[in-house]
Each structure stands twice: as structure tokens, then as C-alpha cells.
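The values are calculated or read from the model by the stated rules, or taken from the named source; none is laboratory data. Values in this document were obtained by computation on a predicted structure and should not be read as measured data. With ideal geometry, Cβ positions are generated from the backbone for all residues, glycine too; neighbour counts draw on all protein chains shown. Note: accessible area is taken over every heavy atom of the protein model, side chains too, but ligands, DNA and RNA are not part of it. Shrake-Rupley method; radii C 1.70, N 1.55, O 1.52, S 1.80 Å.
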Amino acid sequence: MCYDISFASDIESIHDILPAIQIQGELRFDPTFHKLGMSFPTWPIVVNKNNRLELHPFVWGPIPKMLNTPDKVKKQRQMFLNARSEKILEPKTMWTAIRHQRCLVPVTGFYEYREIPGQKNKQAYFIRIKGQKIFFIAGLWTLSNSWDVDKPDKIPTFTIVTREANSVMKQIHNGGANAGRMPMMLTNELAEEWVKPELDDSQIKEILSFSLPSVDLEYWAVNSVRKAHLDDESVIAHVDEIGIPPIEV
């Protein structure tokens, strides 16, 4: 699934795509080359409120009502970092309950791991959309209960929508229980559609049926982002791919 993302740009770059967007509250966000979902970071999130696009700081990782003790939150919250697109319109799921609370997650790229035959450790890749400084991943948001004593009762949180991978991402995300998935990457046009409040279920389904073509992606092998590292350009530096089978487009 999608647990590692990057926003190595400035907030102003979002204005280049969404000129009418307004920043709400005190949004302090330093560019980052990598954040791990399991650290439940704060992220700049685009929402539509009263037909006005706004940028707010939301926390990655909803806390559903079933996680009603600090111990349950600690053990199970990471299960809600992603929402499968197939579940969003499925009755009696958490995601269909908040399907009208759609948002955009701006990123400059994301990371995924590939199993290589004969290699003990998986190979990390950095992936982004060709020719775009930033792009948007579809998300859902909700107000979650907070179990932290220094936070208010309710905190705005978000999840990243994932879908079946395209041919390139199937080759990269090829192992583990959630193999063959990728984040729900949107074109700029679909991003604006995704956050329109008047969408009905058929229109939501139509957007969720979109799969970014493999040819629109660029990607390369990098060092593991699950190990200690500096938060700078070295995180996305190319590494030697000798011995790694090529990815077929």
C-alpha cells in the first residue's frame, strides 16, 4: 500500500495548479523528501468547503470509533492509512460513510518496494508523474477522536485512496499482502473534479475507475527510506541498478 510519500516543494506550488486555493489557519509545512505514514505526520490537504478550495493541515491516519482505547489506536491505526477504492462505494464500510468528504493529497512523489529474485532485501523505488512538479492523490478526510492529552477532542485526519496498479506499478509493488496496488493518482483535471461537493455515487465511481497510464510515470531505484536518513535530495538519488531486472512498460 502507500505508506511513504514526499512533498519536496513549497506550498506556493499548489497555487500553480489550483490558483483559487486559500490557505486556512496557521499552516507551517517544511518541504520533505520523505514521510512515513506510520509516524502519522501532518500534511497540507486540499478540501472544498462551501465551493471554495482551501488548504488545511490534516494528520495522516484516521482513528475510527472502533479504536476506542489508546492501546487499540497504537496497534491498529496504521490499518487506516489507506482506503481501497473498491470499498468507497461498498455499503456499511467506514469509507462509504465518509465518501462525500473527499480531499486531495499533494505530493512530489512516493516510494514503493520491489521484490527482486535472488535478492534478500526489497529494492526501494521513487515514483512520480512525468513533467509535474507536484501532483495529487485522491483522499478522504474525517474528524477523528484524539487520545493524545495535548490535542483537542477531534482532529482532522485523512487517508490515501489506493487502487489496482497499472502495469509498471504491478512490477514494482510485486510482493506482500497488498501487492499490485498503487495510490489513486489523478490528473489535474480529475483532481478538481474529485473535490466537487455535488458528485453523486456514479460520478465518484467514474473517477475511481481512472488508472494513470504507466507511460505517465517516471521511477528509479533509491536507497531504502525505512532506514535512518537525512531529509534532503540524497533520499531520491539514483542507486546502481546492476543486477536488477528492467521494468517493462
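Some points to look at:
- Peptide packing for 126-136, 102-112, 154-164, 31-41 was compared via the average number of neighbouring C-beta atoms within 10 Å per residue; ordered from the highest value, the list is 102-112, 154-164, 126-136, 31-41.
- Its relative contact order, with pairs defined as Cα atoms under 8 Å and 6+ residues apart, puts the chain at 21 percent.
- Placing +1 on the Cβ of every Lys and Arg and -1 on the Cβ of every Asp and Glu, with no other charges, gives the chain a dipole of roughly 1000 debye about its Cα centre.
- The residue list THR142, ILE204, GLY180 was ranked by how far each Cα lies along the charge dipole of the stretch 97-234 toward its positive end, using unit charges on Cβ atoms, and GLY180 comes out on top.
- Heavy-atom SASA rank of ILE242, ILE236, ILE45 (probe 1.4 Å, accessible area, largest first): ILE242, ILE236, ILE45
- Extended-chain gain in nm, criterion 0.36 nm per residue less alpha-carbon gap, PHE29 and GLN76: 14.2 nm
- Cα centroid of the stretch 101-142 to Cα centroid of the stretch 151-182, whole Å: 8 Å
- Amide hydrogen proximity for HIS34: with H placed 1.01 Å from N in the peptide plane, the residues at 5 or more positions away or on another chain lying under 5 Å are PHE7.
- Backbone phi angles across the stretch 204-214, fed through the Karplus curve with coefficients 6.51, -1.76 and 1.60 (θ = phi - 60°), yield HN-Hα couplings of 4, 4, 5, 5, 5, 7, 6, 10, 4, x, 4 Hz in residue order; Gly and Pro are listed as x.
- Relative contact order (%) - the stretch 1-74, alpha-carbon pairs under 8 angstrom, separation at least six: 30 percent
- Accessible area per residue, Å², the chain with all protein chains present, probe 1.4 Å: 50 Å²
- Unit charges at the beta carbon, dipole of the stretch 1-95: most positive-side option, PHE40, ASN50, THR93: THR93
- Neighbour net charge for ARG226 - beta-carbon separation under 10 angstrom, K R +1, D E -1: +1
- Violating pairs (Cα-Cα greater than 29 angstrom) within the set LYS74/LYS133; LYS75/LYS130; LYS65/LYS120; LYS170/LYS227: LYS74/LYS133; LYS75/LYS130; LYS65/LYS120
- Modelled this way, with points 7 Å down the Cα-to-C-beta line, the labels at VAL249 and GLU90 are 3.4 nm from one another.
- For the stretch 159-168, putting each phi into the Karplus relation 6.51 cos²θ - 1.76 cosθ + 1.60 with θ = phi - 60° gives couplings of 10, 9, 7, 10, 9, 4, 6, 6, 5, 5 Hz, in residue order, rounded to whole numbers and with x for Gly and Pro.
- Integer Hz, Karplus 6.51/-1.76/1.60 couplings in order for the stretch 50-58, x for Gly and Pro: 6, 6, 10, 6, 10, 10, 10, x, 10
- Model label zone, ILE116; criterion: amide N under 20 Å from point 7 Å along Cα-to-beta-carbon; scope the stretch 220-245: 220-229, 234-245
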